[in-house]
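The values are calculated or read from the model by the stated rules, or taken from the named source; none is laboratory data. Here the structure is a predicted model, which means the values were calculated and not measured. Counting neighbours? That spans all protein chains shown, and the Cβs are built from the backbone with ideal geometry, glycine included.
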Amino acid sequence: MQISKQVNTDMTQGSWIRKMFEAGAKLKQEFGESNVFDLSLGNPIMEPPEAFQQKLSELAKNPPPGMHRYMPNAGYKDTREAVANNLSSEIGMDFTSEDIVMCCGAGGGLNVVLKSLLDPGDEVITISPYFVEYGYYVGNHQGLLVVCPSKHNFMPDIDQIAESISAKTKAILINSPNNPTGVIYPSETMHQLGVLIRAKEAELGISITLISDEPYRKILYDDLTYPHPFRYHNKTIVVTSHSKDLGLAGERIGYIAIHPLFPEKATLLEALVFCNRTLGFVNAPALMQRITKDLQKATIDVGAYQSKRDLLYKGLIDSGYEVTWPQGAFYMFPKSPLNDDVAFTEMMLKHKVLIVPGSGFGTAGYFRLSYCVEDSVIEGAISQFQKAKALLNNA
Ligand SMILES: Cc1ncc(COP(=O)(O)O)c(C=O)c1O
């Protein structure tokens, strides 16, 4: 088969999440679905809010004329306005529809942003552990992902980032609340990052864009508020989606937002719209734009995810695992009791628990758990984690 060598290599290395999916399917067939505890996938179980179903049936009953036609590549003006108004009230800055491009999920949006910014060989810095698709997304546009390890509690290490910035740095890509750790970058860290970027731009005579990937922005726990990156740096682009906050992962709807004071904003907007078109997305799904226009303030039941976080965290801590307290998203990233996180993943597979090794996120020695699952799955997994720990303690 004449497929690209690069794609062939990428596929062979494969994603751990995919591998676990396949291993899980086998186990479920052999032992039955209810005897396998799958914490490997970030596929939300929460149904979209009631308002989503209402809007969907209204549109089905009374479809506006031309509802399924092409539209401007940036998306419907009234949807972009609704997104801008919501951001203005959330952040306290003046956004307009000209700051928004509707896109096909955060994955689609990140590709549009990277395509718009990168020339071959340009570098994009990210902080590990990180969402593994970043490497592919940056590679899609001939850039190079530079991975900067985080420090204690998975916080960005500003000194390390400073060392990683070079004349080739085009962007810094952050993700908070974070997949896989669930931590939120606090305002002090965001402030330091903004100061660093501006100092390095002046020192090296380059332009660095801060890209903030925020599909979990509205999934925050313990009454925390979100330190919006827009507040700390003008040259910021936010990419987000309603995959997780409205439980619409299969519908591919999200948006890109540009800082209202981004220098040469009009040219950037034109580039984003052009790339949305030429990457073949053309526009974000029409039906979803019409629905999410009215749901900018709605979310799935975040409290239910918080209870799942509490249940899993307590179960792991009581069993003797080391876990950093997750403040948002629906992931946690405990320390692997074996130095070799892949070996521990295989051990848990024997206990019929599916997890993802930290190496799959650029950070060996840990494992990722996704708790957007039924409580019974979490409870079953905890009892298996207890058994595994007891076995290791007695070994
Ligand atoms: C950190 C992060 N970014 C981006 C995405 C892509 O999400 P989507 O394209 O569904 O919006 C995900 C999905 O899991 C993610 O975890």
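In table form, for the structure just shown:
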quantity: Segment 197-212, residues that are acidic (Asp, Glu) and under 17 Å from Phe262 (Cβ atoms); calculated: Glu201
quantity: Matching residues in segment 124-137 - criterion: being in contact with a Gly (Cβ under 7 Å, 6 or more places away or on another chain) and either surrounded by fewer than 24 Cβ atoms within 10 Å (Cβ to Cβ) or farther than 23 Å from Ile197 by Cβ (or both); calculated: Ser128, Val132, Glu133
quantity: Val146 vs. criteria in a strand (DSSP E or B), at pLDDT 95 or above and more than 16 Å from the ligand (Cβ to nearest atom); calculated: yes
quantity: Filter result (buried (at least 20 other Cβ atoms within 10 Å of the Cβ) and not in a helix (DSSP H, G or I)) within segment 15-66; calculated: Val36, Phe37, Asp38, Leu39, Ser40, Gly42, Pro44, Pro48
quantity: Inter-residue pairs, beta-carbon under 7 Å, first outside the structural domain of Ala286 (by TED's automatic domain parsing) and among the basic types (Lys, Arg) and in segment 43-61, second modelled with pLDDT of 95 or more and in a helix (DSSP H, G or I), 6+ apart; calculated: Lys55/Ile291; Lys55/Asp294
quantity: Filter pass, Gly24 being touching a strand residue (DSSP E or B) at 6+ places or on another chain (Cβ under 6 Å) and under 30 Å from Glu346 (Cα atoms); calculated: yes
quantity: Residue check, Val239 within 14 Å of the ligand (Cβ to nearest atom), modelled with pLDDT of 95 or more and of a type outside the set (S, T, N, Q); calculated: yes
quantity: Residues satisfying the stated conditions in segment 274-315, i.e. among the small types (Gly, Ala, Ser), assigned to a helix (DSSP H, G or I) and either more than 18 Å from Ser243 (Cβ to Cβ) or free of Cβ contacts under 8 Å to residues at least 12 places away in the same chain (or both); calculated: Gly303, Ser307, Gly315
quantity: Selection within segment 160-180 - within 11 Å of the ligand (Cβ to nearest atom) and either among the polar types (S, T, N, Q) or closer than 26 Å to Leu204 by Cα (or both); calculated: Leu173, Ile174, Asn175, Ser176, Asn178, Asn179
quantity: Residue count for segment 101-121, restricted to those that are of a type in the set (Asp, Glu) and either surrounded by 23 or more Cβ atoms within 10 Å (Cβ to Cβ) or within 15 Å of the ligand (Cβ to nearest atom) (or both); calculated: 0
